[in-house]
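See structure below.
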Ligand code: F6R
């Protein structure tokens, strides 16, 4: 694992974009794994800028997103479909046919506490299998971008998720629902489940970039990078990955003993 500590979020974003740029220039049909959330926003801005300057061509890039909330339609402003369109895909020359995001919105009905299938919903297990198959058929993910949850999750692989897991339906941890409620009107609106690539799916990416910014990530980062490899902190599996670059800002790195 290579650990790079940058002064601030801006520099972190520039460093991540530089690595992605080099990968795209080397392989114009790169298979790119993407994350949503606050952390990669600056990186996506940098990539959009490079595209506008004529440095980057995305026409042959293939993408796979890590996850999507269960039961939110693609045009729901908090869905990851919407996020990707707004923050990256709508601004670059990507071929829509090359975009993959788990799709599990139709046929889910909201009850007081849960979203439940109304009988017309697609078979989610089949959907998860198809997602894995689609990744395999491209030859696998070349470069996967990751953020980290304050509970140490990658994708929506919450504490206790098997390190062997593949794309599956995950129940969001209470802390994740709390963290993500900042994007919703109220906490109750945050979906309680999502489809996510599994830990093993992520681990099979040929190269991984993990990004973390801010003090609220410092504990999770320290546990993931310096603690035991455990399903309680799914990001800790990255210690075993032979081609992972972790890019942190100083605040996110502040609880590391060896590198801080
Ligand atoms: C997003 C994802 C999550 C986030 C993580 C950090 O697609 O899979 O694992 O990367 O929750 O989110 P932010 O960046 O909003 O702190």
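What follows is calculated from the coordinates using simple rules that are stated; it is not laboratory data. Everything quoted here is computed from the prediction, not taken from an experiment. Note that we place each Cβ from the backbone using ideal geometry, even for glycine, and neighbour counts take in every protein chain shown.
With the cut-off at 1.5 for a/c, could you classify the stretch 112-258 from its C-alpha gyration tensor as rounded, prolate or oblate? Judged from the Cα gyration tensor, the stretch 112-258 comes out oblate (a/c at least 1.5, b/c at or above a/b). Taking a spot 7 Å from the Cα of residue 93 along the direction of its beta carbon, which residues of the stretch 7-48 have an amide N less than 19 Å from it? Residues 21-32, 45-48 qualify, since their backbone N sits under 19 Å from the label point. Using DSSP, restrict attention to beta bridges with both residues in the chain and report what percent are antiparallel, rounded to the nearest 5. In the chain, approximately 35 percent of DSSP beta bridges are antiparallel ones.
Taking the number of Cβ atoms within 10 Å of each Cβ as an exposure proxy, the fewest-first ranking of 143, 127 is 127, 143. By the equivalent-ellipsoid construction on the alpha carbon gyration tensor, the stretch 1-42 comes out with semi-axes of 20, 13, 10 Å, ordered largest to smallest.
Gaussian network model of the chain, Cα springs within a sub-10 Å range: biggest mean-square fluctuation belongs to which of 249, 179, 67? Maximum among the listed residues: 179. Taking label positions 7 Å along the Cα-Cβ direction at both residue 14 and residue 215, the computed distance is 2.5 nm, reported to one decimal.
Fully extending the segment from residue 240 to residue 175, taken as 0.36 nm per residue of separation minus the present Cα-Cα distance, adds 20.8 nm. GNM remark for the chain: springs join alpha carbons under 10 Å apart, and the peak mean-square fluctuation among 228, 102, 159 falls on 228. Computed over the alpha carbons of the chain, Rg followed by Dmax gives 17.4, 53 Å.
Extension gain, residue 7 to residue 129, is 39.8 nm, computed as 0.36 nm per intervening residue step minus the present C-alpha separation. Legend: calculated FRET efficiency, residue 21 to residue 232, from the Cβ-Cβ distance at R0 = 35 Å, rounded to 0.05, equals 0.50. The fewest-to-most ranking of 31, 169, 199, 221 by surrounding Cβ atoms within 10 Å reads 169, 31, 199, 221. Available extension along the chain between residue 75 and residue 103 is 8.9 nm, counting 0.36 nm per residue and deducting the alpha carbon span.
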